[in-house]
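Reviewing the structure listed below.
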Amino acid sequence: MKNLKYLLLRRITQVTLLVLYFGANAYGWHILEGTFGSSLLFGTIPLADPYTTLQVLATGFVLGADVLLGAVIITLFYFVVGGRAFCSWVCPINMVTDLANWLRRRLNLDKEEVNYRFLKRSARYWLMVLGLIVSAVVGVAAFEVLSPITIMQRGIIFGFGAGLSVVIAIFLFDLFGVKNGWCGHLCPLGAGYSLIGSVSLIRVKHDHEACTNCMECKVVCPENQVLYMINKESISVTDGECTNCGRCIDVCNDDALGFGIRSFTNKTKV
Amino acid sequence: MANSNNNRRKFMATTLQSVGLTALGGLLWSGYTDEVKASPLVLRPPGALKEEDFLKACIKCGLCAEACVNRDSNKNKDGSKRDGTLQMAKGGDHRMIGTPFFIPTEVPCYMCDDIPCVPVCPSGALDEASVTNEKGDLDINQARMGLAVVHKESCIAFWGIQCDACYRACPLMDEAISLEYAKNERTGKHAFLLPVVHSDVCTGCGLCEKACVTEKPAIFVLPTEYSTGKAGAHYVKGWDKKDQLRAGERKLDQIETKTERSEEAPADYLNTEVEY
């Protein structure tokens, strides 16, 4: 039986957050109110998504201080815990895409991997910039119009309506279309957190001495290009695209992987 | 040499493809975004900025809807659920997704004195200053969510049937809606009690629309932009001293000649009997 520690911790975190948000609307709790776009923690501390904030700024609207402060708080937080920790520990779409990915492995849909020439992992950065341009041109926070993240979250809090189809679409795309298609290739919000994550503090560390090159970690990793050092060097995963989900640590039977603080000294060695 | 040429060609082609696809994506995305924001007849919470600015500013967090006192989770005195005024637009609502709005015929705005939905807005899409009075207090009567319009042909009060449902439902009775008395010439012995909306007072809460007894409400709230007309600066109320001042302010060289007839001074036209 493989270890599920981080997977369970992540699911508990994700579900707890959604329950708190749901409770804010349904029962009037004041723990976490709002949505991931902008929230209120304990009724006082503002939180805001940095990319959403940038989009509103791109429309030319000078935002209220609450949102700006909230975006700074969130950015600083993810500077510490690893930018894309948002993606794997918080974002509700992660549960949908992880399920699609798990089914892919179960149904052996990965065997005949098609080479999608036009869908590179860098597409998300193009989309991120494009989202800001479209926001500026149309005068509406553009990604928020399609974002399955807040559509799903608002669905859980206020009711889904036809928004459910967006979530199903992402599931089908990841299952039958591109592997890790949404989170790994398209999502501009995640791209924003990747940029934060490229300098963040908490990172996965690899111990070359312990590694037996079983490659379990690479199979399970949603962004396995960041694990290029497996069985090569003892360094941390410094790539911002690593989601700090800890799945590789779970599946590693050799204790070759674990969370640690980014080492600034061996930076030159890489 | 040939190889480097090939590489360069491949690089150029890839770049062109990327730029082209990005442009295509951007156009589709813009088109879609522009389309979904074009849902004009939507009523926003109190204090909302002008629709265009509101759409720019709203971060779609739902804090206003959660602060609204009229929510499913809040109970009435008898323990029954209260329906929510503010809804967050979801797929299928045909409104900008994630933005707050209300439908008066379902649940109108009950105009809470403390306007809980406005101060919680973190982005400034709901402008506190616009619902603050001279004393610096939040004042829901300053809100302009829309303006009620009476459709005379379907309003049964205009038929001569006695109905004052909207008048009595209005939280600003006799201020936002007053009754005008008129003689019913058809019967000769009855009176019309006609509802008249006063646009300088009406907040657009929609309680009148909700209360209207006709099958489809004969009084309904529209966003102010769609429920008002505009006379234009060149119409001056001669009986209004303040408005009359505007006539004096006009400079003669700025007066446009629009028709052949208006080239002549009115006096000339009358005195010389010019024919056109």
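Please determine, by comparing only the residues of the stretch B:130-152 that are in a loop (DSSP other than H, G, I, E, B) and closer than 18 Å to B:P104 by Cβ, which one is most open to solvent (accessible area, probe 1.4 Å).
Ranking the qualifying residues of the stretch B:130-152, first place goes to B:R144.
Go over the candidates B:C61, B:C155 one by one and state the one that is more than 8 Å from every other protein chain (Cβ to nearest Cβ), open to solvent by less than 30 Å² (accessible area, probe 1.4 Å) and over 18 Å from the mean Cα position of the chain (by Cα).
B:C155
With B:D174, B:D240 as the choices, which residue is loosely packed, with under 12 Cβ neighbours inside 10 Å and under 21 Å from B:C109 (Cβ atoms)?
From the options B:D174, B:D240, the qualifying one is B:D174.
Given (1) within 15 Å of the chain's Cα centre (by Cα); (2) buried (at least 23 other Cβ atoms within 10 Å of the Cβ); (3) within 14 Å of chain B (Cβ to nearest Cβ), where does A:A85 come up short, assuming only one miss?
The failed condition is (3).
Which residues, taken from the stretch B:74-105, are more than 18 Å from the chain's Cα centre (by Cα) and either open to solvent by 50 Å² or more (accessible area, probe 1.4 Å) or polar (S, T, N, Q) (or both)?
B:N74, B:K75, B:N76, B:K77, B:D78, B:S80, B:K81, B:R82, B:D83, B:K90, B:G92
Go through the stretch A:128-158 residue by residue and tally those that are among the β-branched types (V, I, T), open to solvent by 10 Å² or more (accessible area, probe 1.4 Å) and within 11 Å of B:I97 (Cα to Cα).
Residues flagged as among the β-branched types (V, I, T), open to solvent by 10 Å² or more (accessible area, probe 1.4 Å) and within 11 Å of B:I97 (Cα to Cα) within the stretch A:128-158 amount to 1.
Name every residue in the stretch A:42-59 that is open to solvent by 30 Å² or more (accessible area, probe 1.4 Å) and of a type in the set (F, W, Y), in order of residue number.
Answer for the stretch A:42-59, where residues must be open to solvent by 30 Å² or more (accessible area, probe 1.4 Å) and of a type in the set (F, W, Y): just A:F42.
Quick check: anything in the stretch B:184-191 assigned to a loop (DSSP other than H, G, I, E, B), out of contact with any Asp or Glu (no Cβ under 9 Å at 6 or more places or on another chain), open to solvent by less than 60 Å² (accessible area, probe 1.4 Å) and not small (G, A, S)?
Yes, some residue in the stretch B:184-191 is assigned to a loop (DSSP other than H, G, I, E, B), out of contact with any Asp or Glu (no Cβ under 9 Å at 6 or more places or on another chain), open to solvent by less than 60 Å² (accessible area, probe 1.4 Å) and not small (G, A, S).
Residue by residue, here is whether (1) in the same structural domain as A:N101 (by TED's automatic domain parsing); (2) open to solvent by less than 20 Å² (accessible area, probe 1.4 Å); (3) outside any helix (DSSP H, G or I) holds:
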position	(1), (2), (3)
A:H208	no, no, yes
A:C214	no, no, yes
A:I230	no, yes, yes
A:D250	no, yes, no
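Given the structure, is A:R203 closer than 24 Å to A:F77 by Cα and either more than 14 Å from every other protein chain (Cβ to nearest Cβ) or surrounded by fewer than 23 Cβ atoms within 10 Å (Cβ to Cβ) (or both)?
Yes; evaluated as a whole, the condition is true for this residue.
The values are calculated or read from the model by the stated rules, or taken from the named source; none is laboratory data. This structure is a prediction, so every number in the text was calculated from the model and none was measured. Methodologically, a virtual Cβ is constructed for each residue, glycine included, from the backbone with ideal geometry; neighbour enumeration extends over all protein chains shown. Just the protein is used for accessible areas: all its heavy atoms, side chains included, with ligands, DNA and RNA removed. Shrake-Rupley method; radii C 1.70, N 1.55, O 1.52, S 1.80 Å.
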